[in-house]
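The structure under discussion appears below in the form of C-alpha cells.
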Amino acid sequence: MIIPVNIITTYPVKWTKYKVLRDFVQNFYDSVGFKDWKQRFHFKYSNGLLSMWIEGVSFSYEWLLHIGASTKTENSQNNAGYFGEGFKIASLCATRDYRWKIKMLSGDWKLSVAKITKKIDNNSLQMLAYDVQKKENETKSCLVLYELTELDFQIFKEVLFSFYYPENPMIGEKIWEGKEGAVYTKSNHSYESGLPYTSDFGRKGAVFCAYQLLGSNPFDLVICLHDYKKEDRERNSLYSFEVVKVFQTISYYVDAYGAMKILEKMRRYWNTYPKKVLTFIRGVR
C-alpha cells in the first residue's frame, strides 16, 4: 500500500546529517526517557546498514502521516513519541540529500520511505510516500538506515552523546539532582567536535536543556535544566547569555552542598568583577 505524505521533494529545507540522525534518535529517546535509555535503546552498524530499536514499544504507522502528530499526547508508556514532523523532514533530507534508504518497523507493519510522482496543473512533481506492508505482530519498534558510510556512523555515535542520561560518557560525578534538573562534574571524555557548543566558552563543560545538549560552559560542569523551551528551533546551540540564564535558573533549585561544589568549580572566576562582588556582599550584610 503506497501512502503519499504530501511533502514535495523540492520542499526548501536542508538538514545536516547530524540533525537528521538526531531527530531519528529523538523519536526513540522520547518513548523511553532518560532513566531507561542506556538499558533499552539498542543499535548495530555493519556494511553500511544502521539499525536502531527498542523492545516493548509499538505504535500505529498513522502517526507518521500527519504534521504535528505525536503519540505523546496519549501519555502512554507503551507508545513511541514524536514520530511526527521530525520523522518526515528527516526522511526527506536523508533520501533526497544523502541518498540513504529508510525502513521503519513497529507492531504488525513495516514501511519503506519512497517517492511517487503526482500531477498538479499538468506538472509532474515528486512527492515523499510510504510503502506500507503488513508483517507478523511484535512489540518492538525498529528503524533501519541503508547506505551509510563509516563517517556517517561516527556522526551517529556523536549524536548519542547529545542526549541527557546519567550514563552519558561526558557526565562525571553527580553534584545535585532534582526533578528540575541535575548538575555533574564533566568527565574526562572529550567534547566531540561535531556536538553543539557555545562559541564564547569553547568545548569544556556541557549544558543540557530539555534533555538535549545545546551549549557549553567554561567550568568543567555538566548543567542539566529539564524544563526549558527552545525559542529558535533552527538554531542548534545556545548563546552565552542563554547559558548564563540556565545557570541562574538551576541555582534556584540546587541545595547548599551542590552550590558549594559549583562555586569551587568557578573559583578562578570569583574575582573577575571584584568591586561588584564586594558591593553586593556589603549590601547583603
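Here the chain is treated with +1 on each Lys and Arg Cβ and -1 on each Asp and Glu Cβ, and its dipole about the Cα centre works out to around 740 debye. How far is the Cα center of the stretch 200-219 from the Cα center of the stretch 143-159, in Å? The distance from the Cα centre of the stretch 200-219 to that of the stretch 143-159 comes to 24 Å.
For the stretch 168-181, putting each phi into the Karplus relation 6.51 cos²θ - 1.76 cosθ + 1.60 with θ = phi - 60° gives couplings of 3, x, 6, 8, x, 6, 6, 9, 7, 8, x, 5, 7, x Hz, in residue order, rounded to whole numbers and with x for Gly and Pro. Looking at the P(r) of the chain, how many percent of alpha-carbon pairs lie beyond 24 Å? Looking at the chain, the distances longer than 24 Å represent 56 percent of pairs. Length available on full extension from residue 125 to residue 251: 0.36 nm per residue minus the Cα-Cα distance, which gives 40.0 nm. If I fit a long axis through the Cα atoms of helix 150-161 and take the longest principal axis of the Cα atoms of the chain, what angle between them do I get, 0 to 90°, rounded to 10? It works out to around 50 degrees. In this structure, the amide hydrogen of residue 107, modeled 1.01 Å from its nitrogen in the peptide plane, lies closer than 5 angstrom to those of 59, 138, 140, counting only residues at least 5 positions away or on a different chain. A cut-off of 5 Å between modelled amide H atoms, ignoring neighbours fewer than 5 places along the same chain, links residue 180 with no other residue. Counted residue by residue at 0.36 nm each, then reduced by the alpha carbon distance between them, the extension gain from residue 38 to residue 187 reaches 51.9 nm. Compared with the alpha-carbon gap, the fully stretched path from residue 240 to residue 139 is longer by 32.0 nm at 0.36 nm per residue. Electrostatic tally near residue 191: other residues with Cβ closer than 15 Å to its Cβ, Lys and Arg +1, Asp and Glu -1, net 0. From least to most packed, judged by other beta carbons within 10 angstrom and beginning with the fewest, 142, 93, 224, 209 follow the order 142, 93, 209, 224. The ellipsoid that matches the Cα gyration tensor of the stretch 2-157 has semi-axes, each √(5λ) in whole angstrom, of 25, 19, 14, with the longest given first. Taking 7 Å steps out from each Cα toward its Cβ at residue 220 and residue 150 produces label points 3.4 nm apart. Return, ordered by residue number, the residues of the stretch 156-177 whose backbone nitrogen is under 16 Å from a label point located 7 Å along Cα→Cβ of residue 269. From the stretch 156-177, the list is empty.
Seen against the Cα atoms of the chain and their longest principal axis, helix 240-251 is set at about 70 degrees.
Applying the Karplus relation 6.51 cos²θ - 1.76 cosθ + 1.60 with θ = phi - 60° to the stretch 194-201 yields 3J(HN,Hα) values of x, 7, x, 8, 8, 4, 5, 10 Hz, where x marks Gly and Pro. Antiparallel beta bridges, as assigned by DSSP with both residues in the chain, represent about 95 percent of the total such bridges. Comparing 188, 164, 132 along the charge dipole axis of the stretch 127-221, the residue lying farthest to the positive side is 164, per the Cβ-charge model. Between residue 236 and any residue 5 or more places off or on another chain, the built amide H atoms are never under 5 Å apart. Phi angles across the stretch 203-210 convert, under the Karplus curve 6.51 cos²θ - 1.76 cosθ + 1.60 with θ = phi - 60°, into 3J(HN,Hα) values of 9, 10, x, 10, 10, 9, 10, 6 Hz, Gly and Pro given as x.
Read-outs: derived from the displayed coordinates by stated rules, not from any lab. This one's a predicted model, so the numbers in the text were calculated from it and none came from an experiment. All Cβ positions, glycine included, derive from the backbone under ideal geometry; neighbour counts span all protein chains shown.
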